[in-house]
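Take a look at the structure set out below.
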Protein chains: 2
Amino acid sequence: MTDPIAHTDAGPAAPTRRELNKAATRQAITDAALGLLRSKGPGNFTVEDIADTAGISRRTFFNYFSSTDAALASIVHGFLDNAIKQLRLRPVDEPMLESAQAALMALADPRAVAPLAELFTLTQQSPLMSHTELEAWDHCRAQVFTVARERLAGTPGAQDELYIHALAGSIISCGKAAMEVWFSRRGPDLTPASLAELRQLLIDAMALLATGFNTPAPPSATRSS
Amino acid sequence: MTDPIAHTDAGPAAPTRRELNKAATRQAITDAALGLLRSKGPGNFTVEDIADTAGISRRTFFNYFSSTDAALASIVHGFLDNAIKQLRLRPVDEPMLESAQAALMALADPRAVAPLAELFTLTQQSPLMSHTELEAWDHCRAQVFTVARERLAGTPGAQDELYIHALAGSIISCGKAAMEVWFSRRGPDLTPASLAELRQLLIDAMALLATGFNTPAPPSATRSS
DNA sequence: TGCAAACTTGCACATAGTGTAAGAGTGTGA
DNA sequence: TCACACTCTTACACTATGTGCAAGTTTGCA
């Protein structure tokens, strides 16, 4: 904010020292949390454990995250924020579903999905998706909603709130559905073939939204199986 | 609440004393929680407050609910469990979306929505939907998924996991969308006209899922506005 | 260099959530 | 009607969570 040095958005990194430190601490925390999740299993470690492993105080942990759950869900947040970023890069006159599909394609990438896949496999044995994880998806839904509203603001009589809400929610649900199916089929498999299947699932899911669920027979299943 | 004289319970339930007591306690807790939410606002009361108001011990509270949030979300749970019950009453050969729509129609009823509407208006000022509330919707989604899978198990080559996951998730999302739009338009208005609008929104939302979101123009908005 | 802002940390404290064992209420068969 | 088993409630103790606060440390900047 009080930064005379220009904000190099597209540039490499945030130059100031403070930001680097904060990012490093944040990373140390999530690394520690993920490590403990690996070694001890979900629910078997405390905030203090994470803080000790990350080399910070318990209090500092809470300066970054509001709970262990939130620290782990930051992985999901990172993934989804990236998705939103991709979505916003799409031309504004492109149909929403095509934009969504394109944004998701960009994320069916080993580097992006790897942390998510590990988190998923590590917490899958746990009853169901953690509260904070659900919240992360809902946060993403809200952002998709915003994007959709911005786009449709141009069209004439279309201040159709229901359409936008339903669209945003359904995009998220279908994205989630594709991921769930993929994980349940492939587990932590990140081979090109597996990622190709993920991409196909995402395409199929978006296609379902485009054409509707009333297609008499489910559209001859996915070619990917 | 330890009242030996039971009152008229209409219905085929097994009215053993223990079950009645438990149900009464449970009700006392949610009533107390809702009352405190009304009087003090979200986040401004503790489990102990609820327990005191309900006339039970703090420990007993935790025998029923795992958090204040969960106690309040039981309202949402009740509503959605009811929806699932309605859904299961539909003939198994009916298309899912029609069943969903019919089940939702049955719940656009003052008695069913009133608690939900109040909870919504009381927590709306709060940042966003509570964790446990999201969990309640997700639980409902899982049940819709189960129903859909049971139904489509009969059809020949349709073990299409993606279709079922996407359908269940989208139904929930669109139901939520309709409710959100309704609440934002009408607030806690439960007049017949308002409920008719809710019904129309639910119908429109399900229609979107049936025909797809690619309808060139949003389908001439809702007739209800 | 020195000041101001931002960040970290230790401490105190209220609250959340759980295990345990004793007590009170409830169902059941003799 | 009583006695016994079962279930639910409660008090207590204890660990963990989350936050306010003030003092200490690091970073930015003139």
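The values are calculated or read from the model by the stated rules, or taken from the named source; none is laboratory data. Just so it is clear, the structure is predicted and the values come from calculations on it, not from any experiment. Please note: Cβ atoms are built from the backbone with ideal geometry, for glycine as well, and neighbour counts cover all protein chains shown. Please note that ligands, DNA and RNA were not included when accessible areas were found on the heavy atoms of the full protein model with its side chains. Shrake-Rupley method; radii C 1.70, N 1.55, O 1.52, S 1.80 Å.
Worth pointing out:
- Leading residue by the ranking (surrounded by the fewest Cβ atoms within 10 Å (Cβ to Cβ)) among those in region B:186-200 that are without any contact (Cβ under 8 Å) to a residue 24 or more places away in the chain and either within 9 Å of chain A (Cβ to nearest Cβ) or assigned to a helix (DSSP H, G or I) (or both): B:P192
- Scanning region A:145-157 turns up one or more residues that are in the same structural domain as A:G175 (by TED's automatic domain parsing) and within 30 Å of A:S194 (Cβ to Cβ).
- Residue in region B:102-114 that is nearest to the chain's Cα centre (by Cα), counting only those that are farther than 19 Å from B:S74 by Cβ and part of a helix (DSSP H, G or I): B:L104
- Meets criteria (touching a residue at least 40 places away in the same chain (Cβ under 8 Å) and either under 16 Å from A:E118 (Cα atoms) or away from DNA strand C (no atom under 11 Å from the Cβ) (or both)) for A:A70: yes
- Selection count where residues are within 23 Å of B:E135 (Cβ to Cβ), open to solvent by less than 40 Å² (accessible area, probe 1.4 Å) and not in a helix (DSSP H, G or I), scope region B:44-57: 1
- Any hit, region A:58-65, residues being more than 14 Å from chain B (Cβ to nearest Cβ), part of a helix (DSSP H, G or I), under 21 Å from the mean Cα position of the chain (by Cα) and touching a residue at least 12 places away in the same chain (Cβ under 8 Å): yes
- Test result for A:D81, within 16 Å of DNA strand D (Cβ to nearest atom) and in a helix (DSSP H, G or I): no
- Looking at A:S99, A:S74, just one residue is open to solvent by less than 10 Å² (accessible area, probe 1.4 Å), out of contact with any Asp or Glu (no Cβ under 9 Å at 6 or more places or on another chain), in a helix (DSSP H, G or I) and in the same structural domain as A:A168 (by TED's automatic domain parsing), and that residue is A:S99.
- Verdict on A:P4 being outside the structural domain of A:C140 (by TED's automatic domain parsing), touching a helix residue (DSSP H, G or I) at 6+ places or on another chain (Cβ under 6 Å), at pLDDT below 95 and of a type outside the set (D, E, K, R): no
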